[in-house]
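Presented below is the structure to which this report refers.
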Amino acid sequence: MASKQVLLVYGSGNGENSISRRVADALLKKLGVEPNVTKDLAVNPPTLVDENWVQARFNPNATDANKNALSTTNSDAAVEEFLAADTIVLAAAMYNFHVSGSVKAWFDQIAVVGKTFKYGEGGNPEALSSGKKLYVVVATGGVQLETPYDFLTPYIKHFMGFLGITDITFIDAAKGNVEGAQAQIDALAGDVPSDWPAFLLTGGQFEPTYKALYHSEAVVRVFNQTDTSMAVFQGDEIMTLLKWLQPGSDPTCQINNKTEFPSTEKAPATSFVAWENASAGLSNCTSVCVYVEGKIYRQNLAIEHKDGAGIENWLKADALESRKPELGKAEPSVNKCFTHHFSTFGAGVAKGENGMIPCAEATMLEQIKDHSNDVIISVWNHHSGIHEIFNGKTEIREYFKNLYPTFGDVSDMNAFVWDVDECATGKPGLAFLVWRSPKSGYPSAADSFVFDSNFMIQRQFMAEVHV
Ligand SMILES: Cc1cc2nc3c(=O)[nH]c(=O)nc-3n(C[C@H](O)[C@H](O)[C@H](O)COP(=O)(O)O)c2cc1C
């Protein structure tokens, strides 16, 4: 097998003292790969787009002098290096809330019509650089990633997505947090297989890949939001499901969001993926994976498919209802915590006679008793394409306070599924809840909760259509 081509790009002006550079080097070491090409953009800055460049790229009557300028400014070489790479590691320093000027200049050099993207029918841009894995190490002084002044990460996502690169892992060295970045790298290399979910979407070596990815005790739950049915898969049955979901090397498959959370002392590694695949009839799909020993131990999928044809074991209506475990266990357990959580949430959204939520603050305080101090809540809205992450109690207080009022009319609220896995030695507890509240603007929603051995919520993933 041909070895992977790795392109390493340093985007900081701070040479050997650069944090993003050090972390990028550590990442490559952990991944066990050597770069085939290394570009230090501060030492050899890409030239800015000038008249020669524009003429040579866009004018069919460009002069030889125009065209020669491309090779002397290394623009053609930059495109070739970029296209040849299977894996790209970009060390990105945040300068003035964005990428450094040299990184922007490099982006300008590699975005070339007819090479890295093209204009298709109707003048719509089409990506020509898909199938690459991109790691971006981001170092900042004071700005936290995914906050309003971080213009760097959304820009890189958009720009690279435009060229066709959607499998992007950001290594977060914001505020000089090298230890945090290193922990993320350690987890990447071990806990969450880096090729998930790529294999689902690219076909190929099914059986060996499946066996390498899934834990021997893996359970996969799938809820079809379209006809409110659920199927559960274990052992080799999981292959049946994967083959059904997997449409070969279908170009219409699109990953809209992919986030990995590394394991901590109390929480297992988890990943959260949103995708769609028009030609397989799948839309608004999410997958939450919980990893044990580096393999998928539990996977909760919420999908939309017109009828689920091709899968035998869908449970609907009464069959679905009867598999809901009884709630309200007295002793400390996942069941007890989930019961409390479920009922307090109900109190938060049920309005009183005056149409107001009674004591939203008190309800919120009661509700967040179920969450650990270092909980992470990750919310993906298929409708808006917005992904939000709330870290710790302070942020989730605000999240819940803002959430209750979005439930304007809960008269048609319904919970189709709640599934509870108690913790076992070395295994996290889980709950899968599928609900909707159409009159409040939630035509479908699914929550996956991951509990620690003290029955506290450590991770919560919410996949919603909120219009
Ligand atoms: C010119 C310049 C502009 C910067 N602008 C920002 C900024 O807008 N926000 C921020 O959080 N940090 C900013 N910083 C701090 C850097 O992001 C921080 O030092 C980071 O570690 C740089 O990455 P590096 O260590 O890989 O060079 C800036 C630093 C420089 C030199």
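The values are calculated or read from the model by the stated rules, or taken from the named source; none is laboratory data. Quick caveat: nothing in here was measured; it's all calculated off a predicted structure. Positions of Cβ are backbone-derived with ideal geometry, glycine not excepted, and every protein chain shown enters the neighbour counts.
Of note:
- Among the residues making up the range 91-117, those that are touching a helix residue (DSSP H, G or I) at 6+ places or on another chain (Cβ under 8 Å), part of a helix (DSSP H, G or I) and more than 16 Å from the ligand (Cβ to nearest atom) are 107, 109, 110.
- Within the range 153-179, the set of residues being away from the ligand (no atom under 13 Å from the Cβ), free of Cβ contacts under 8 Å to residues at least 40 places away in the same chain and outside any strand (DSSP E or B) comprises 154, 157, 158, 160, 161, 179.
- So residue 404, is it under 17 Å from residue 340 (Cβ atoms) and of a type in the set (Phe, Trp, Tyr): yes
- Of residues in the range 118-152 being away from the ligand (no atom under 16 Å from the Cβ) and surrounded by 19 or more Cβ atoms within 10 Å (Cβ to Cβ), the one modelled with the lowest pLDDT: 133
- Selection from the range 203-234 of residues that are surrounded by fewer than 18 Cβ atoms within 10 Å (Cβ to Cβ), at pLDDT below 90 and not in a strand (DSSP E or B): 203, 204, 205, 206, 207, 208, 211, 212
- One residue stands out among those in the range 10-22 that are in a helix (DSSP H, G or I) and within 6 Å of the ligand (Cβ to nearest atom): the one that is surrounded by the most Cβ atoms within 10 Å (Cβ to Cβ), which is 20.
- Scan of the range 356-387 for residues that are of a type in the set (D, E, K, R) and free of Cβ contacts under 8 Å to residues at least 60 places away in the same chain, ordered by number: 361, 366, 369
- Among the residues of the range 23-62, the ones that are assigned to a helix (DSSP H, G or I), under 37 Å from the mean Cα position of the chain (by Cα) and surrounded by 12 or more Cβ atoms within 10 Å (Cβ to Cβ) come to 12 in all.
- Flag if residue 145 is within 17 Å of the chain's Cα centre (by Cα), within 21 Å of residue 106 (Cβ to Cβ) and free of Cβ contacts under 8 Å to residues at least 60 places away in the same chain: yes
- Any hit, the range 396-409, residues being under 22 Å from the mean Cα position of the chain (by Cα), in a loop (DSSP other than H, G, I, E, B) and in contact (Cβ under 8 Å) with a residue 12 or more places away in the chain: no
- Qualifying residue in the range 347-369 (condition: at pLDDT 90 or above, charged (D, E, K, R) and either surrounded by 18 or more Cβ atoms within 10 Å (Cβ to Cβ) or in the same structural domain as residue 266 (by TED's automatic domain parsing) (or both)): yes
- Looking across the range 81-90 at every residue that is in contact (Cβ under 8 Å) with a residue 60 or more places away in the chain and away from the ligand (no atom under 16 Å from the Cβ), the one that is surrounded by the most Cβ atoms within 10 Å (Cβ to Cβ) is identified as 82.
- Some residue of the range 70-79 being out of contact with any His (no Cβ under 8 Å at 6 or more places or on another chain), over 27 Å from residue 130 (Cα atoms) and in a helix (DSSP H, G or I): yes
- Here is the figure for the range 63-73: residues that are in contact with a helix residue (DSSP H, G or I) (Cβ under 8 Å, 6 or more places away or on another chain) and surrounded by fewer than 17 Cβ atoms within 10 Å (Cβ to Cβ) total 4.
- Residue that is surrounded by the fewest Cβ atoms within 10 Å (Cβ to Cβ), among those in the range 417-452 that are of a type in the set (S, T, N, Q) and more than 20 Å from the chain's Cα centre (by Cα): 425
- Figure legend. Inter-residue proximity from the range 320-331: first residues in contact (Cβ under 8 Å) with a residue 12 or more places away in the chain, second residues of a type in the set (S, T, N, Q), beta-carbon distance below 8 Å, spacing 6+ or different chains. Indicated pairs: 320/228; 320/229; 325/335; 327/335; 327/339.
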